[in-house]
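Asker: Structure incoming, see below.
The values are calculated or read from the model by the stated rules, or taken from the named source; none is laboratory data. This one's a predicted model, so the numbers in the text were calculated from it and none came from an experiment. Neighbour counts are summed over all protein chains in view; Cβ atoms, including those assigned to glycine, are modelled from backbone coordinates with ideal geometry.
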């Protein structure tokens, strides 16, 4: 790339990323301030940060504009300026991303407080789910951390910068998507986006080489001739079409039951003509409080109204005839429930049936959550 005659847009992007890098490096020391000080003056730090970012971006735009304007008429050493700015970007990325890598290895990231473990799964937010999922396996966290550290080390050398970018960019894009769709904190999302944009900038510096490797470079095997190019194009399309159509056909052959699918609360349970008290589930696992219908995944009858436990619940598969309102549940324990549904609406129904030697009657109400 000819740096001496690069466009203003290129200089502006490079200068903005370098200014962001410099600002981040200057603010890095804030991490070591006492927690009480941060808690007391945290709101002021936010204003300082916003003002610093605005000032850095404005300064970078003015700097790049002046640089680009004077470049044709002066003997400024533009290549050396590019080298300094890109070095600042590379070293900043290496410091920032490797910090996250060491955080995973030293167990300061992906650590879930014990009180979250007693929270119902339906009440856990996206960030807590993400933290518990990635923290469940320490070896996985270490592997991700090593990728971040290894890629950061490669960024510190010009010869291996491209390899470091190729390693780190997929990792960072994945983190951006996780931060976005699992509602991770705004600060983490902003950092991941900025890191990804900086890595993308470093990647595009090698656009010619990448185009040669991924587009122009071909293997030396002989060309396969198949009655014209349209046959090959048809085969390529067929491969993708088969992948989609095969799954679509399976869904049509084995449709998932949708009428009962969901969670139902047992408002009233009558067994052999006797109404079961609301606290019966504490002593009897067959005094159900919740019924879960999950389509092809089967069903579960749970006694606990507050949480689901595999060991105390009765699980099985079911078939529902919506035309005649007949339900048959084949439990994995070997028992079979044959029942009829009546007064069925989208939110409530009455179940009457026989399970073994017991007659059952349940009034069910759908839980919306």
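Okay, residues lined up against (1) crowded, with 18+ Cβ neighbours inside 10 Å; (2) under 18 Å from the mean Cα position of the chain (by Cα); (3) outside the structural domain of residue 27 (by TED's automatic domain parsing); (4) touching a residue at least 12 places away in the same chain (Cβ under 8 Å):
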site: 106; (1), (2), (3), (4): no, no, no, no
site: 110; (1), (2), (3), (4): yes, yes, no, yes
site: 114; (1), (2), (3), (4): no, no, no, no
site: 118; (1), (2), (3), (4): no, no, no, no
site: 131; (1), (2), (3), (4): yes, yes, no, yes
site: 136; (1), (2), (3), (4): no, yes, no, no
site: 140; (1), (2), (3), (4): no, yes, no, no
site: 154; (1), (2), (3), (4): yes, no, no, yes
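Asker: Right, something else. Quick check on this structure: which one of 209, 236, 223 is more than 30 Å from residue 130 (Cα to Cα) and touching a residue at least 24 places away in the same chain (Cβ under 8 Å)? It would help to see each step written out before you state the result.
Answerer: Numbers: 236 fails: touching a residue at least 24 places away in the same chain (Cβ under 8 Å); 223 fails: touching a residue at least 24 places away in the same chain (Cβ under 8 Å).
The conditions single out 209.
Asker: Looking at region 30-49, can you tell me whether even one residue there is modelled with pLDDT of 70 or more and either closer than 23 Å to residue 191 by Cβ or not assigned by TED's automatic domain parsing to the domain that holds residue 150 (or both)? Spell out how you get there, then give the answer.
Answerer: Step one: list which residues in region 30-49 are modelled with pLDDT of 70 or more, which gives none.
So far as region 30-49 goes, no, none of its residues is modelled with pLDDT of 70 or more and either closer than 23 Å to residue 191 by Cβ or not assigned by TED's automatic domain parsing to the domain that holds residue 150 (or both).
Asker: A further question on this structure: Among the residues in region 82-90, are any assigned to a helix (DSSP H, G or I) and under 30 Å from residue 309 (Cα atoms)?
Answerer: Of region 82-90, the ones assigned to a helix (DSSP H, G or I) are 82-90.
This time we only want the ones that are under 30 Å from residue 309 (Cα atoms), so: none.
No: region 82-90 contains no residue that is assigned to a helix (DSSP H, G or I) and under 30 Å from residue 309 (Cα atoms).
Asker: Residues in region 182-190: is at least one closer than 30 Å to residue 325 by Cβ and either over 26 Å from the mean Cα position of the chain (by Cα) or surrounded by 15 or more Cβ atoms within 10 Å (Cβ to Cβ) (or both)? Before you say what the answer is, go through the steps one by one.
Answerer: Residues of region 182-190 closer than 30 Å to residue 325 by Cβ: none.
No, there is no match, as no residue in region 182-190 is closer than 30 Å to residue 325 by Cβ and either over 26 Å from the mean Cα position of the chain (by Cα) or surrounded by 15 or more Cβ atoms within 10 Å (Cβ to Cβ) (or both).
Asker: Could I ask something else about it? Please enumerate the residues belonging to region 126-164 that are part of a loop (DSSP other than H, G, I, E, B) and touching a helix residue (DSSP H, G or I) at 6+ places or on another chain (Cβ under 7 Å). Lay out the reasoning, then the answer.
Answerer: Keep residues of region 126-164 that are part of a loop (DSSP other than H, G, I, E, B), which gives 136-137, 156-157.
Once the filter is applied, which keeps residues that are part of a loop (DSSP other than H, G, I, E, B) and touching a helix residue (DSSP H, G or I) at 6+ places or on another chain (Cβ under 7 Å), region 126-164 yields only 156.
Asker: Does residue 95 satisfy the criteria of being surrounded by fewer than 15 Cβ atoms within 10 Å (Cβ to Cβ) and either touching a residue at least 40 places away in the same chain (Cβ under 8 Å) or touching a strand residue (DSSP E or B) at 6+ places or on another chain (Cβ under 9 Å) (or both)? Step through it out loud before you land on a result.
Answerer: Working: surrounded by fewer than 15 Cβ atoms within 10 Å (Cβ to Cβ): no; either touching a residue at least 40 places away in the same chain (Cβ under 8 Å) or touching a strand residue (DSSP E or B) at 6+ places or on another chain (Cβ under 9 Å) (or both): yes.
Considered against the rule, which asks whether it is surrounded by fewer than 15 Cβ atoms within 10 Å (Cβ to Cβ) and either touching a residue at least 40 places away in the same chain (Cβ under 8 Å) or touching a strand residue (DSSP E or B) at 6+ places or on another chain (Cβ under 9 Å) (or both), residue 95 comes out as no.
Asker: Now, a different point. Please indicate, with yes or no, whether at least one residue in region 202-221 is assigned to a strand (DSSP E or B) and at pLDDT below 95.
Answerer: First, pick out the residues of region 202-221 that are assigned to a strand (DSSP E or B): none.
Scanning region 202-221 turns up no residue that is assigned to a strand (DSSP E or B) and at pLDDT below 95.
Asker: Evaluate the following for residue 238: is it part of a helix (DSSP H, G or I), at pLDDT 95 or above and under 30 Å from residue 170 (Cα atoms)? Talk me through it step by step, then tell me what you get.
Answerer: Values: part of a helix (DSSP H, G or I): yes; at pLDDT 95 or above: no; under 30 Å from residue 170 (Cα atoms): yes.
Taking the combined requirement at face value, the residue does not satisfy it.
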